[in-house]
Amino acid sequence: MSGAVRTNTRDIARAAIRFELARVAFDLFRREGFDNVTVNDLAAAAGVSRSTFLRYFGSKEDAVLGAVDAQGEQVADALRARPADEGDGTALRRALDTVTEVHRRDPDGALAMSQLIMRTPALGARTLEKQNGWRPVIAQALAERADPSWPSLLVPLVRAAVAVDCLNVAVEHWTASDGRLDLDALLDEAFAAFALR
């Protein structure tokens with residue numbers, strides 16, 4: 001039992017350190033500009049060595065986008081929890097609430113993050129790369145609730161890709177409006193444009 005507690009305590013401490021390093025990095029990027037900040041600058045600002053910083057984040061991009069990795073699994077889990085008789089489009093749209101929840105909970109922080117990503121080509125490219133990793137996970141969740149006549153994952157992969165693109169277009173419009181537009185309404189509109197309801 002003490003081993004389980006120790007591991008849990010270690011995981012909690014690691015998550016807290018990771019959160020603090022990400023916060024310091026984000027603040028420095030906003031102040032100085034992403035391209036003007038090195039990993040050495042990030043480590044110094046956080047009061048840790050370069051190797052310690054790199055143990056928590058493999059790159060500057062990951063210091064900003066660490067949470068994006070987990071979002072694909074969160075969307076897939078939310079999709080699996082949707083009612084079995086619900087259409088795929090509605091289920092996908094509602095599952096994306098796990099991503100937009102951050103925007104509702106902390107609109108100023110989410111807006112600042114979106115602005116940083118949109119202004120920084122390296123972050124934009126890394127975000128898309130990470131989101132491409134969501135597709136198979138979301139597609140698998142769709143397949144688990146899907147029509148057994150589908151011969152492959154092609155249809156669920158296409159639907160997952162469309163859902164992620166709808167999210168990106170909605171977030172881009174929300175960011176361009178400085179957060180004044182309603183993100184959920186924009187996402188609904190994007191899904192309606194693809195008739196995914």
Please report, as a whole percent, how much of the solvent-accessible surface of the chain comes from carbon and sulfur atoms (probe radius 1.4 Å). 56
Share of alpha-carbon pairs per 5 Å distance bin for the chain, given as whole %: 1, 7, 14, 16, 17, 14, 12, 9, 6, 2, 1, 0
With every protein chain present, what is the per residue accessible area of segment 111-164 (1.4 Å probe, Å²)? 49
Cα-based Rg/(2.2 N^0.38 Å) for segment 114-156, rounded to two decimals, is 1.62
So with the 1.4 Å probe, I'd like the accessible area per residue for segment 22-80, rounded to whole Å². 48
What net charge is computed for the residues neighbouring D184, neighbours being all others with C-beta under 9 Å from the C-beta of D184, Lys and Arg scored +1, Asp and Glu -1? -2
How large is the Rg to Rh ratio of segment 71-163 when both quantities use alpha carbon positions and Rh follows Kirkwood? 1.03
Tell me, what does the Kirkwood hydrodynamic radius of segment 1-110 come to in angstroms if you use every pair of distinct C-alpha atoms? 16.3
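The values are calculated or read from the model by the stated rules, or taken from the named source; none is laboratory data. None of the values given here were measured: they were computed from a predicted structure. Positions of Cβ are backbone-derived with ideal geometry, glycine not excepted, and every protein chain shown enters the neighbour counts. Accessible surface is based on the protein model in full, side chains and every heavy atom, while ligands, DNA and RNA are left aside. Shrake-Rupley method; radii C 1.70, N 1.55, O 1.52, S 1.80 Å.
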